[in-house]
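Values quoted throughout were computed directly from the atomic coordinates according to the rules given, and no laboratory measurement underlies them. Since the model is a prediction, treat every value here as computed from it, not as a measurement. Glycine gets a Cβ as well: all are built from the backbone with ideal geometry, and neighbour counts include every protein chain shown.
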Amino acid sequence: MAIIIDGKKIAQDIRMEIRDKALELKAKTEIVPGLAVILVGEDPASKIYVGRKEDACKDAGFVSREYRLPADVYESELTDIIGDLNLDNGIHGILVQLPLPGHINPDTIIEAIDPRKDVDGFHPYNIGRLFYGNPYHRACTPMGILELLDRSGVEIEGKEAVIVGRSNIVGKPLALMLLARHATVTVCHTRTKNLAEVTGRAELLISAAGRPEMITGDMVRDGAVVIDVGMNRLGSGKLVGDVAFHEVSEIASYITPVPGGVGPMTIAMLLKNTLNAAHLIATQGCNCSPQR
Ligand code: GUN
């Protein structure tokens, strides 16, 4: 029977550590980390996520500034707001909740953010620097996965890691982060042939496919560490992961539950990035125009 990795508890511990570090930063420099969260439109799930991010900021003693814009806002209004926030001394992190309405190009919006304030780690400059190994900020969900592994005492170096899913937010940045930690990495996706054969080799199996309970016991190697990034709402309203938990927990050595696994870590990492952004701007002593 696998050890269940308690992401809720680990995230709570990290949030308390960040709160203490923010107090230290304030005592030394008078700087209070500030996060601007921009929500466009009325998507119910996005409203819930944004509300949680704002609450987490306040709990950590950060400044949280909220922008709620109508779904028909012009792209140029949004880039103007971001331009102002890039120059705002009280704001160290800028987060635009995705997805955006269809008339707004998300690439234009992400690229308008100063990379030093890009606490989502989505700016191509940060992705490029991740490629070389030293971004200002890393994407929060993959970062949260590494933190869960580290705090559970799971070795990464030299491990056979298999990722199911190749999104820009999870699969692709996670592959780079695991490579940087010296894992041997395979990325699977919808066109992968013999998926079970590939996942069956994994000592470290991470699923971010968004398909309810698709990873079944027969796809998992004995003693594998299994990380479930899936958040799938069934017709019944029940939230399930990508992993068939009951079956796989009999085979794995460690497993994350859904809910209460990776999910809470994403917000904890957003706070970590925002605190780092405040440190970065404090140590560089500047407001920074976008780097190209
Ligand atoms: N929408 C779903 N996940 C995310 C995220 O991590 N960041 C942003 N900005 N939007 C999202």
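With a 10 Å radius around each residue's Cβ, average the other Cβ atoms per peptide and rank 189-196, 37-44, highest first.
37-44, 189-196
Please tell me which of these pairs span more than 32 angstrom C-alpha to C-alpha: K53/K172; K28/K159; K8/K47; K26/K53; K28/K53?
From K53/K172; K28/K159; K8/K47; K26/K53; K28/K53, over 32 Å: K28/K159.
Got a sec? Which residues in the stretch 222-236 would a label at S253 touch, if it sits 7 Å along Cα→Cβ and we count backbone N under 17 Å?
Only 222-228 pass the distance filter.
Taking 22 Å as R0, compute the FRET efficiency from the Cβ-Cβ separation of M16 and A282 and round it to 0.05.
In this case the efficiency is close to 0.55.
Within the chain, which DSSP H helices have Cα atoms that stretch 27 Å or more along the helix axis and a mean Kyte-Doolittle hydropathy of at least 0.0?
Qualifying helices: 263-284.
Could you give each residue of the stretch 222-239 its phi-based ³J(HN,Hα) in whole Hz, using Karplus coefficients 6.51, -1.76, 1.60 with θ = phi - 60°, and x for Gly or Pro?
4, x, 5, 8, 10, 10, 10, 8, x, 9, 10, 8, 7, x, 6, x, 5, 8
How high is the relative contact order of the chain? Use alpha-carbon pairs under 8 Å, at least six apart in sequence, and give a whole percent. Working shown, then result.
Numbers: 588 pairs, mean separation 68.0, N = 292.
About 23 percent, as a whole number.
Would you mind working out the magnitude of the charge dipole of the stretch 69-136 relative to its Cα centre, with +1 at each Lys and Arg C-beta and -1 at each Asp and Glu C-beta, to the nearest 20 Debye?
380 debye
Sorted by packing (mean other beta-carbon atoms within 10 Å per residue), highest first, where do 48-54, 26-32 land?
Values: 48-54: 16.1, 26-32: 11.7.
Ranking, from highest mean packing down: 48-54, 26-32.
Hey, how much of the P(r) for the chain falls beyond 22 Å, as a percent of Cα pairs?
The proportion of pairs with Cα distances above 22 Å equals 59 percent.
Principal axis lengths of the stretch 25-147 from Cα atoms, whole Å, largest first?
42, 33, 29
Beta carbons within 10 angstrom, averaged per residue: use that to sort the peptides 271-280, 125-134, 58-67, highest first.
271-280, 58-67, 125-134
Non-local amide H neighbours of A202 (under 5 Å, H modeled in plane, Pro and chain starts lacking H): which ones?
Residues meeting the amide H criterion: R221.
Percent relative contact order of the stretch 118-258, based on C-alpha pairs within less than 8 angstrom and at least six residues apart?
On the way: 288 pairs, mean separation 24.8, N = 141.
That works out to 18 percent.
Using R₀ = 35 Å, calculate the FRET efficiency as 1/(1 + (r/R₀)^6) where r is the Cβ-Cβ separation of A196 and E157; round to 0.05.
Step by step, r from the Cβ atoms, then E = 0.85.
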